[in-house]
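Read the structure below first, then the notes.
The values are calculated or read from the model by the stated rules, or taken from the named source; none is laboratory data. Computed from a predicted structure; not experimentally measured. A quick note on method: Cβ atoms are made from the backbone with ideal geometry, for glycine too, and the neighbour counts reach across all protein chains shown. Accessible surface is based on the protein model in full, side chains and every heavy atom, while ligands, DNA and RNA are left aside. Shrake-Rupley method; radii C 1.70, N 1.55, O 1.52, S 1.80 Å.
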Amino acid sequence: MGRAGAGSLSTVARGPKLDLLAPLAEAVRDEGMRFGVYYSGGLDWAFTDFPPIESMSDVAEYRPNSAEYAEYATAHVRDLIDRYQPAVIWNDIEWPDAGKADGSLEQLLAYYKRVVPDGIVNDRWGAPVWDYRTSEYAHDTQNERGVGWEHNRGLGFSFGYNRTEDESLTLSARELARLYADVVSRGGRLLLNIGPEASGRIPDVQRRTLEGFGEWSRNLKPHTLDRSSIDPGSVTVTGSDWWVAWRDRDSVVVVADNPLASVQTEEGLEAVVFGLPEPHDQGSEARA
C-alpha cells in the first residue's frame with residue numbers, strides 16, 4: 001500500500017484487482033484452522049524517502065516514527081481487523097514511536113479485543129502490549145521459556161522465495177522434525193515460513209521437506225495438544241545420541257534420533273518413542 005492511499009497501490013486497484021486475503025481467510029477457516037495476519041508496523045518504503053537498509057542498525061534508524069505515519073499504520077491495522085477479524089495480529093519491526101506515546105496503539109489493540117475477544121498479538125510492537133513472546137533463528141532466545149512462546153524462522157534463511165536456497169540451505173524433514181520436537185518439548189510452538197514462487201507454487205526443495213515432515217508428524221501431533229514439561233532427571237533415555245521429552249497426560253513422549261531407544265521414567269509411566277525421519281524416509285514410532 002502506498003502513501004497515496006490504500007486504493008491506489010493495493011491488489012484491488014492493480015495487478016489481480018482482487019482482495020487476495022479474503023479467499024485465503026475463508027479457505028483457512030473452512031479447514032478448521034484460525035486465520036492470522038502479518039503487518040510491518042516499522043517499515044513502509046512507500047511512506048518515506050529513507051535509503052536502502054544494509055544492516056540491522058539501519059532497521060532501527062530508518063523507521064518512520066511521526067504522528068502521520070502512526071495514523072497511517074493504525075488505519076491499516078483497523079482495516080485488517082474489520083475485514084478479517086484475525087485470530088492473531090503478528091506485527092513486525094516495532095511500531096511508530098508517536099503511536100506509542102499518544103496512546104493510539106493501546107486504543108487500537110483495545111478495539112481489536114472488542115472485535116475479536118480471544119484474539120492475541122505478538123511482542124514486536126516495542127511496547128508491553130503483547131500476549132506472547134517470540135524468537136527468530138538465533139535472536140531473542142531469552143524469550144524461549146515458560147509456556148506459549150513462539151519460535152519463527154523460514155525453511156531456509158529467507159522469508160519468501162529465494163531461488164538460490166537449494167537443499168544445502170533448506171531444512172530437511174529430519175532437521176525440521178528435530179527443531180519442532182525441541183520447541184514443543186520446551187513449551188513453545190513453531191511458526192514456519194514457506195516461500196512460494198510468484199505463481200504460488202511451493203518449490204520442490206521445500207515441498208519434499210513439508211511432505212516428509214507432515215507424514216512424520218501425523219502420529220505425533222495428538223501427543224502435543226495436552227503437554228507439559230518434565231522435571232530434569234525424571235526421564236532416562238539410553239541408546240540414542242539425541243532426544244527430547246515431554247509429559248502427555250499419563251505418558252511420556254520421547255522424540256529421539258534412534259526409534260529403538262530405551263526409556264525409563266521415575267513414575268513408571270508408559271513411554272511413547274518417535275524416531276526422527278531418516279533421509280528420504282518418513283520416520284517411525286515404537287513403544288518402550
**Request:** Please determine, by comparing only the residues of the stretch 27-40 that are open to solvent by 90 Å² or more (accessible area, probe 1.4 Å) and touching a residue at least 24 places away in the same chain (Cβ under 8 Å), which one is farthest from Asn65 (Cα to Cα).
**Result:** Arg34
**Request:** With respect to Gly200, determine if the residue is under 26 Å from Glu167 (Cα atoms), out of contact with any Ser or Thr (no Cβ under 6 Å at 6 or more places or on another chain) and surrounded by 12 or more Cβ atoms within 10 Å (Cβ to Cβ).
**Result:** no
**Request:** Return yes or no: is Leu210 surrounded by 15 or more Cβ atoms within 10 Å (Cβ to Cβ), in contact with a helix residue (DSSP H, G or I) (Cβ under 7 Å, 6 or more places away or on another chain) and over 23 Å from Val147 (Cα atoms)?
**Result:** no
**Prompt:** Taking into account only those residues within the stretch 220-271 that are hydrophobic (A, V, I, L, M, F, W, C), within 15 Å of Ser185 (Cα to Cα) and open to solvent by 70 Å² or more (accessible area, probe 1.4 Å), which is farthest from the chain's Cα centre (by Cα)?
**Reply:** Trp243
**Request:** Check whether at least one residue in the stretch 90-108 is within 30 Å of Asp30 (Cα to Cα), assigned to a loop (DSSP other than H, G, I, E, B) and either open to solvent by 50 Å² or more (accessible area, probe 1.4 Å) or in contact with a Lys or Arg (Cβ under 9 Å, 6 or more places away or on another chain) (or both), and report yes or no.
**Result:** no
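Being open to solvent by 30 Å² or more (accessible area, probe 1.4 Å) and assigned to a helix (DSSP H, G or I): is that true of Glu54 here?
Details: open to solvent by 30 Å² or more (accessible area, probe 1.4 Å): yes; assigned to a helix (DSSP H, G or I): no.
When the stated conditions are applied, Glu54 does not pass them.
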**Item:** Conditions (1) open to solvent by 30 Å² or more (accessible area, probe 1.4 Å); (2) modelled with pLDDT under 95; (3) in contact with a Phe, Trp or Tyr (Cβ under 9 Å, 6 or more places away or on another chain); (4) within 30 Å of Pro16 (Cβ to Cβ); number of the one not met by Gly195
**Value:** (1)
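List the strands (runs of 3 or more DSSP E) inside the stretch 210-288, counting only whole elements, that have at least 1 residues being at pLDDT 90 or above.
Numbers: elements: 235-238, 243-248, 251-256, 262-265, 270-275, 284-287.
It comes to 235-238, 243-248, 251-256, 262-265, 270-275.
If only one of Leu20, Leu43, Leu80, Leu24 is exposed (fewer than 14 other Cβ atoms within 10 Å of the Cβ) and within 20 Å of Leu191 (Cβ to Cβ), which one is it?
Leu24
Restricting attention to the stretch 31-49, does a residue exist that is basic (Lys, Arg), at pLDDT 95 or above and assigned to a helix (DSSP H, G or I)? Write out each step before concluding.
Residues of the stretch 31-49 that are basic (Lys, Arg), as a first pass: 34.
Of the ones still in play, those that are also at pLDDT 95 or above are 34.
With the extra rule that they be assigned to a helix (DSSP H, G or I), the set shrinks to none.
No, the stretch 31-49 contains no residue that is basic (Lys, Arg), at pLDDT 95 or above and assigned to a helix (DSSP H, G or I).
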**Message:** Residues that are in a strand (DSSP E or B) and over 22 Å from Val255 (Cα atoms): does the stretch 182-203 have at least one?
**Reply:** yes
